[in-house]
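Read through the structure below, which is laid out as structure tokens, and then see the notes.
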Amino acid sequence: MSFSKNLGEILKHPTSLAALLAVIILVVVAIKVRKVKLNTYMIAQIGIALALATVLKVFKIYHLPQGGSVTFGSMIPILLMALFYGPEVGFLTGFLYGIITLIMDPYILHPVQVLFDYPLPFMALGLAGYFRDKKIVATIVAVFGRFVCHFISGVVFFGSYAPKGQSPMLYSFLSNGAFMGVEGAICVVIMALLPVKQLYAIATKKHAIN
């Protein structure tokens with residue numbers, strides 16, 4: 001009974017529910033990432049991917065007042081790591097990039113909001129690794145995963161910014177959908193033009209993925 005009561009109390013408070021969800025996601029991903037066997041070459045590639053993503057993020061097309069920005073494809077290096085080495089490496093690279101983004105461009109209202117606007121959305125880019133033979137589908141799924149994280153943050157923590165008469169969910173959907181839609185479209189175009197198979201062969205010195 002006490003467990004049911006405590007769960008009921010959590011569900012009444014969006015912030016607590018978001019915190020619970022964040023913890024579950026982090027635990028699940030941590031378990032998966034622990035299975036990754038990193039070698040020196042792979043660590044170097046993760047470092048290069050992080051550097052490229054950081055440089056691309058510096059050149060912003062548009063920056064939202066409450067955080068978030070449209071860039072020249074800053075997610076591409078993270079997506080490539082997921083496509084090259086699988087979702088676990090993508091999760092790890094995305095997490096590290098989220099921390100770098102937090103340091104470079106922080107917008108902090110609440111500790112849980114930080115999780116949903118920085119580490120978690122970029123970790124979601126690792127989802128691309130589950131669709132390694134379909135780079136466009138992989139990009140769309142990964143970008144949508146990132147959007148979901150920002151959407152949750154917008155509803156729970158930025159709902160008070162919604163115009164009078166507009167629901168927090170609609171506000172979050174419109175504000176996050178706008179910049180993520182443009183950012184995602186840019187990534188889809190770039191990914192469509194990139195010779196991913198050839199890049200994989202060069203990066204890993206192995207046969208290209210199918």
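The values are calculated or read from the model by the stated rules, or taken from the named source; none is laboratory data. The shown structure was predicted, so the numbers you read here are calculated from the model rather than taken from an experiment. With ideal geometry, Cβ positions are generated from the backbone for all residues, glycine too; neighbour counts draw on all protein chains shown. When the accessible area is computed, the model is the full protein with side chains, heavy atoms only, and any ligands, DNA or RNA have been set aside. Shrake-Rupley method; radii C 1.70, N 1.55, O 1.52, S 1.80 Å.
Assorted remarks:
- Whichever residue in segment 110-166 is in contact (Cβ under 8 Å) with a residue 60 or more places away in the chain, under 20 Å from Leu193 (Cα atoms) and among the β-branched types (Val, Ile, Thr) and, among such residues, is surrounded by the fewest Cβ atoms within 10 Å (Cβ to Cβ): Val143
- Within segment 94-109, the set of residues being open to solvent by less than 30 Å² (accessible area, probe 1.4 Å), in contact (Cβ under 8 Å) with a residue 40 or more places away in the chain and within 15 Å of Leu79 (Cα to Cα) comprises just one member, Tyr97.
- Residues satisfying the stated conditions in segment 37-63, i.e. aliphatic (A, V, I, L, M), outside any helix (DSSP H, G or I) and in contact with a Phe, Trp or Tyr (Cβ under 9 Å, 6 or more places away or on another chain): Ile61
- Within segment 52-63, the only residue that satisfies the criterion of being surrounded by 14 or more Cβ atoms within 10 Å (Cβ to Cβ), of a type in the set (A, V, I, L, M), in contact (Cβ under 8 Å) with a residue 24 or more places away in the chain and within 20 Å of Asp117 (Cβ to Cβ) is Ala53.
- Qualifying residue in segment 171-180 (condition: modelled with pLDDT of 90 or more, exposed (fewer than 14 other Cβ atoms within 10 Å of the Cβ) and on the phi < 0 side of the Ramachandran plot): yes
- Residues that are among the hydrophobic types (A, V, I, L, M, F, W, C), more than 21 Å from Ile108 (Cβ to Cβ) and without any contact (Cβ under 8 Å) to a residue 40 or more places away in the chain do occur in segment 39-47, at least one of them.
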